[in-house]
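Data block below; observations after.
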Amino acid sequence: MLKGAEFLIKPEDANEVFTPEDFSDEQKQMAETTEKFVAEKAIPFIEEIDAGNYDKVVELMKEAGELGLLMIDGPEEYGGLNLDKATSMLVAEKNCSRWIFFCCICSPYRDRDPSSCILWDKKSRKKNTLKSF
């Protein structure tokens, strides 16, 4: 595995390079679900949210959570799907590609992001915080 920009100066086995063609059917389905959610549920409400309707943001976050789009790589013991980082990043890419605002709501906030909570919070706090996702 090459680190950083080593790919510019060191040879790498072509079989070790991950490309979009390597995504599994499950990963592709997660990407399609994310794209559909953003296109059908989020994009139509851009102006409403920009006007300050943050209740709609909360509603969208709850819907995204119900679809499993918020805790993709979170441990199952905290309600996550425990999927790999490739799937997590693919979904993040699809969140951000159509609507940057939705990407911003799903990005790491120390006290609200499931990933940072899983990594840094005490076990008792994890259970309380992660219930909301």
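The values are calculated or read from the model by the stated rules, or taken from the named source; none is laboratory data. All of these numbers come straight from a predicted model, not from anything done at the bench. Quick reminder, even Gly has a Cβ in these numbers, built from the backbone with ideal geometry, and neighbours come from all protein chains shown.
Scanning the range 43-57 for residues that are closer than 17 Å to N95 by Cα and either charged (D, E, K, R) or surrounded by 11 or more Cβ atoms within 10 Å (Cβ to Cβ) (or both) yields I43, F45, I46, I49, K56, V57.
Being touching a Lys or Arg at 6+ places or on another chain (Cβ under 6 Å) and not in a loop (DSSP other than H, G, I, E, B) narrows it down to one residue among F45, F37, F7; which is it? Of F45, F37, F7, the one residue that is touching a Lys or Arg at 6+ places or on another chain (Cβ under 6 Å) and not in a loop (DSSP other than H, G, I, E, B) is F45.
Residues in the range 10-34 that are part of a loop (DSSP other than H, G, I, E, B) and of a type outside the set (D, E, K, R): how many? Steps first, please.
From the range 10-34, those part of a loop (DSSP other than H, G, I, E, B) are 10-13, 17-19, 23-24; that's our starting set.
When the remaining residues are screened for being of a type outside the set (D, E, K, R), the result is 11, 17-19, 23-24.
The qualifying residues number 6.
Only residues that are touching a residue at least 40 places away in the same chain (Cβ under 8 Å) and assigned to a helix (DSSP H, G or I) were counted in the range 51-74, giving 5. Taking the range 7-41 as the range and being of a type in the set (D, E) and within 22 Å of the chain's Cα centre (by Cα) as the test, the residues that pass are E21, D22, D25, E26, E32, E35, E40. Answer with yes or no whether L90 is at pLDDT 85 or above, surrounded by 15 or more Cβ atoms within 10 Å (Cβ to Cβ), touching a helix residue (DSSP H, G or I) at 6+ places or on another chain (Cβ under 9 Å) and part of a helix (DSSP H, G or I). Taking the combined requirement at face value, the residue satisfies it. Every condition in (1) more than 20 Å from A86 (Cβ to Cβ); (2) at pLDDT below 90; (3) surrounded by 13 or more Cβ atoms within 10 Å (Cβ to Cβ) is met by A64 except one, and the failing one is (1). Taking the range 1-19 as the range and being touching a Leu at 6+ places or on another chain (Cβ under 8 Å) and at pLDDT 85 or above as the test, only K10 passes. When the test is whether a residue is modelled with pLDDT of 85 or more and in a helix (DSSP H, G or I), E77 does not pass it.
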